[in-house]
Amino acid sequence: MSINKKNLLFVTIVLLSINLFAQNNIPKQGGICFRVDDNGLIEQFRDYTNIFEKYNQHYNFALNLGLNEFNSQDYIDSIKVFQSLGNEMMDHTPNHRTNYFITKFDTSLYKNVSGVDHIIDDKICLEYLPADISLAAHSDTATVDGNKIIFSESNYDDIEQYNERYIYLANLDTLVLVKKYKNNKATITDKWDESINLGTTSGVTYYTFTTSNINMTPDAINLLANETQKLADLYGLVRPTTWIQPGGNFVEFNSYEIKSPMEALGYTSGATYPNPAKKVFNEYNPTGERQFAMQWGDFIETDQTLEELKKIIADGIAKHKMLIGNSHWYSDEPEEWQNYLATNDSLLSWATRNSIPVRTYSEWTNILYHQTPDPYYNIMPPLNVDQDLNGIPDGYTNIDYPGDINGTLVIDTTTPGPGK
């Protein structure tokens, strides 16, 4: 039988093109990111850094550059060292707030600046957008009495349960911030945490909001991030390019609203609570904002055992996911701290032995959202990989299977698994 040379040439070109295309694209290899939030003790940072240096790995740390720790030159110099070793400092807002910051600069620089609502001494109160009542969680009438709102008993339980921290008082055209709920009353401040007295009015129509349904203006967001950039310059630190939403009783940004004002300052990634990113290859990202929604909490080094951590990570990366750890250093009790360090040491040792990528936020942003993954890489986890050594292929669960004689699923790992 004769071979059509034109067809043979065409097939050869296609096969070569596929091979070259695959070679020019990165594999869908998931991995992990270690993240610590808040201004921890510098001695703890040194202990933590030493572990990562031991394995030639790096971590992320989200700091508040406007807080008192940065009045210490030793603290500043130590952060410089951590950055020089390849660890990534991130912006956690100057004062762990999104609605205002306390500036260390001349306040005249902020007068008549778009994004600033008003200034109280060295407190820069940032500008809110008007409350959108279509996003309200609850609405009814209540009595306003000075710095309190008195609800009807029937509505109070729902409002408190869902942590609705902002209330718009329509009759008074005033947005207030709830400091405390108790006995069908809310103690309130103004929206910048300042004391307030609204007099006494009955039958006030109110709308309640969670912190993710109230918004700041784009210029306010830009000013908030720019303050951290200015502080980094003041201290001689490398400017952060990742923004981390602090948790608390104030506005939670979403990735759509921070993208433009922060990209203008050189930010490339972030973490926001509403609508978090999937942190996987080929995530749908038409507006280019998913890299600003890379939230943490996939594994929690302070709460989970080493075996639990290994299983979570092994199962996640088998599905080509990127997972971010969750650490706050609330305790400096010696035994707890040493146990925490030992867990991280063992976890890093395991990850290094198994060639599990450990990268920073900026590195994962580039890998997941700015590089093209190999389209021919099978998404199904292989059956012959068990990095956490729990007897189950990574990415699968141990399930009962009625058709098996012993009542459990038996997997033959002697044959090649799918994927590469």
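The values are calculated or read from the model by the stated rules, or taken from the named source; none is laboratory data. Predicted model only: the values in this text are computed from it and were never measured. Counting neighbours? That spans all protein chains shown, and the Cβs are built from the backbone with ideal geometry, glycine included. Ligands, DNA and RNA are stripped out before the accessible areas are found, and what is left, the full protein with its side chains, is counted by its heavy atoms. Shrake-Rupley method; radii C 1.70, N 1.55, O 1.52, S 1.80 Å.
Can you tell me the FRET efficiency between K278 and N183 if r is taken as the Cβ-Cβ distance and R0 is 45 Å, rounded to the nearest 0.05?
0.60
Want the number for N25 to Y55: 0.36 nm per residue separation, take away the alpha-carbon distance, what's left?
8.1 nm
Straight distance only, please: which lysines reach the Cα of K310 with their own Cα at less than 28 Å, same-chain residues fewer than 8 apart left out?
Candidates past the 8-residue exclusion: K28, K54, K278, K279, K319, K321, K420.
Using unit Cβ charges (K, R positive; D, E negative) and no other charged atoms, how large, in debye to the nearest 20, is the dipole of region 24-153 about its Cα centre?
About 440 debye.
Between N171 and N384, what is the FRET efficiency for a Förster distance of 51 Å, r being their Cβ-Cβ separation, to the nearest 0.05?
It comes to 0.15.
Quick check: the angle from helix 218-235's long axis to the longest principal axis of the chain, C-alpha only, nearest 10 degrees?
80
For the chain, which span is the longest to avoid every loop-located (per DSSP) member of GluC sites (Glu not before Pro) having at most 14 other Cβ atoms inside 10 Å?
That gives 1-193 as the longest site-free run.
Expressed in nm to one decimal, what extension gain is obtained for the pair N68 and H328 from 0.36 nm per residue of sequence separation less their Cα-Cα distance?
91.8 nm
Excluding ligands, DNA and RNA, what is the solvent-accessible area per residue of the chain at a probe of 1.4 Å, expressed in Å²?
With the other protein chains kept in place, the chain gives 48 Å² per residue.
What angle, in degrees between 0 and 90 and rounded to the nearest 10, separates the Cα long axis of helix 334-353 from the longest principal axis of the Cα atoms of the chain?
40
Figure the gain on full extension for T201 and N163 (residue separation times 0.36 nm, minus the Cα-Cα span) and round it to one decimal in nm.
Between T201 and N163, full extension yields an extra 11.3 nm.
How many percent of the accessible area of the chain is carbon or sulfur, using a 1.4 Å probe?
C and S fraction of accessible area: 51 percent.
Excluding same-chain residues fewer than 8 positions from K230, which lysines have a Cα within less than 26 Å of its Cα?
Within reach: K80, K104, K111, K123, K191, K259.
If each of D193 and E308 carries a label point 7 Å out from its Cα toward its Cβ, how far apart are those two points in nm?
3.2
Please give the helix 73-84 orientation as an angle from the longest Cα principal axis of the chain, in degrees from 0 to 90, rounded to the nearest 10.
Once rounded, one gets 30 degrees.
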